[in-house]
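Taking it in order: structure first as structure tokens, then the write-up.
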Amino acid sequence: MAEVESFSLDHTKVKAPYVRLAGRKALAGGVVEKYDLRLAQPNREALPTGALHTLEHLLAGYLRDHLPGVIDLSPMGCRTGFYLVVEGPLDEERVLVAWERALRDVLTHQGPIPGASPKECGNYRDHDLPGAKAWAEKVLKAGLRVQPTIPLEAR
């Protein structure tokens, strides 16, 4: 089986919330980078699916407002954060600032959740705007930081 970057991260030693450069790949004509945007402390807490799903919908747009070259934002299966894929090279501080601004946008979001209709979303009933706002507030109060990759010790 191919090696997966996130499986080599020591999840017991990182401190959420954070942004972490999780990968960089040079392609013909450019660079693609993957960032780990962690909201919840691994193995201690997880976002409820409705709040995570709503954050995904809101951050998909708001991050693009503050950061050029966003390719994709995907929730982590462990429900502790998101992977952000961008055209690079960027740097972690720039991503951190954009993520903080996007979370502030979530706090002030009014109206319907973008893309949350039966035609636009595969699980449109599973949304929680108050929960998404509560997580955004929690993360902003805790303070975002850049987290270096902490690899697993040799086994």
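A few comments on the model shown:
- Accessible surface of region 1-106, 1.4 Å probe: 52 percent of it comes from carbon and sulfur atoms.
- Efficiency of FRET from Cβ geometry, ARG94 and ALA46, R₀ 35 Å, rounded to 0.05: 0.80
- Applying 1/(1 + (r/R0)^6) with r as the Cβ-Cβ distance of MET1 and THR108 and R0 = 35 angstrom yields a FRET efficiency of 0.20.
- Helix-only CD estimate at 222 nm, as mean residue ellipticity for the chain, using -39500 (n - 2.57) per DSSP H run (n ≥ 4): -10500 deg cm²/dmol
- Calculated accessible area for the chain comes out at 54 Å² per residue, all protein chains present (probe 1.4 Å; ligands, DNA, RNA ignored).
- When the surface is traced with a 1.4 Å probe over the full set of protein chains, HIS11 keeps roughly 50 Å² accessible.
- Under 19 Å between alpha carbons - lysine pairs in the chain that sit 8 or more apart or on different chains: 5
The values are calculated or read from the model by the stated rules, or taken from the named source; none is laboratory data. The model shown is predicted, which means the values in this text are computed figures rather than measured ones. Please note: Cβ atoms are built from the backbone with ideal geometry, for glycine as well, and neighbour counts cover all protein chains shown. Calculation scope for accessible area: heavy atoms of the full protein, side chains included, ligands and nucleic acids excluded. Shrake-Rupley method; radii C 1.70, N 1.55, O 1.52, S 1.80 Å.
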